[in-house]
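Structure first, commentary second.
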Amino acid sequence: MRDHMRVVVQGGGRRGRRAGLAGVLWGVAELTVTVGVVVLLLVVHQVWWTNRQALAAAHEQVRELERDWTASPSDSSPSPSPSPSSASVSAGSASAPSASPSPRPSSASPAKPPPAPARESAYGVLRIPRLGVVVPVAQGVDKRAVLDKGYVGHYPGTAQPGAEGNFALAGHRNTHGEPFRYINRLRAGDELIVDVRGQRYTYVVGKVLAETGERDTGVIAPVPRSTVRPEYGYSEPGAYITLTTCTPEYTSKYRLVVWGTLRR
C-alpha cells in the first residue's frame, strides 16, 4: 500500500512539471504574439498613417498659400543671397498626387528673388511634374517643425528661389508624406518648378549624385560640388536648385542629391 501511494505521488509530480512547462511556453507564445501585434501597429502608424496625415496637411497648406497669393498682391522686392550654412546635409524620408497649379508666369527673372521668409513657415510650393509631387516649401530643415509635416525644408543660408547661388531643399524619402521618395527617378531635363507669391521659377534637372555622406556640405554650397565625391557637381557660378534626401530607403545612412539649374 505504501509503495502504491509512492508511485502515484511521483506520477503526479511529473504531470505537474509538464503542465507547468506547457503554461510557461503558452505564456511566452502569447507575449510574442502581443509584442508582434504592437510592433505591426507601430509600423502601420509610422509608414501609413503618418503619410496620410502629412499628405493631407501639406495639400491643405498648398491650397492656403495659393488662396493667400490670389488675395494679396505679388511681392517681388529684392532679397540678398546669404552664404551657405555649414550644417550637415539634412535627412529626407509615395509621391503626392498633383494639384492643379494656379496660373503664373512661365518663368521669373532671377534679378528679383522673393524676400527671406519667417523661420519654419511655409512660403512656397515645389512642383515636380515627372513625379506628380506638389509640396509646400518651408524655411528651415527642422525635423519636427518642418520635415515631419510633409513639407520640404529650405536650408538656412542658401539662396532664395530664382537668385544666384544654390536654392537647397531637404525632404523625407520615407514616412511623413515622403515627398522625395522617388527623386532618384529624376533625369536630366526634368523640370522642378517653384512658385512663390505670384512668381514662378523653373529649374531643369542637370545632375544626380546617387550617394554621399550626411556631412557633405559641398552639395549645398553656392556652386554645388561634392566634397566626398568631387567629380560630381558644378564649377561655375549660377542659379542652382538642390534636392537632398536619405538613401537607401528606410535608412538615414547616406544622402541622395539632385541638382538643377534655373531656366533663363
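A Förster radius of 22 Å, combined with the Cβ-Cβ distance separating ALA71 from ARG119, puts the computed FRET efficiency at roughly 0.40.
The loop-placed trypsin sites (Lys or Arg not before Pro) in region 131-174, going by DSSP, that have at most 10 neighbouring Cβ atoms within 10 Å of their Cβ come out as ARG144.
For region 176-188, 3J(HN,Hα) computed residue by residue from phi via the Karplus equation (6.51, -1.76, 1.60; θ = phi - 60°) reads 6, x, 5, x, 9, 4, 10, 5, 5, 8, 5, 10, 3 Hz, glycine and proline entered as x.
Using 7 Å Cα-to-Cβ label points, what is the ARG130/ARG144 separation (nm, one decimal)? Here the modelled spin labels are 3.6 nm apart. Once backbone amide H atoms are built at 1.01 Å from N, SER252 has no partners under 5 Å, excluding neighbours fewer than 5 places away on the same chain.
Which of rounded, prolate or oblate describes region 150-264 when judged by the alpha-carbon gyration tensor and an a/c cut-off of 1.5? Note, shape of region 150-264 comes out oblate.
Calculate how many DSSP beta bridges within region 130-211 are antiparallel, expressed in % of all such bridges and rounded to the nearest 5. Walk me through the numbers on the way to the answer.
Values: 8 of 11 bridges.
For region 130-211, the DSSP antiparallel bridge percentage is about 75.
Bear in mind these aren't lab numbers, they're just calculated from the coordinates by the rules spelled out. All values derive from a computational prediction rather than experimental measurement. As a convention, Cβ positions derive from the backbone with ideal geometry for all residues, glycine included, and neighbour counts pool all protein chains shown.
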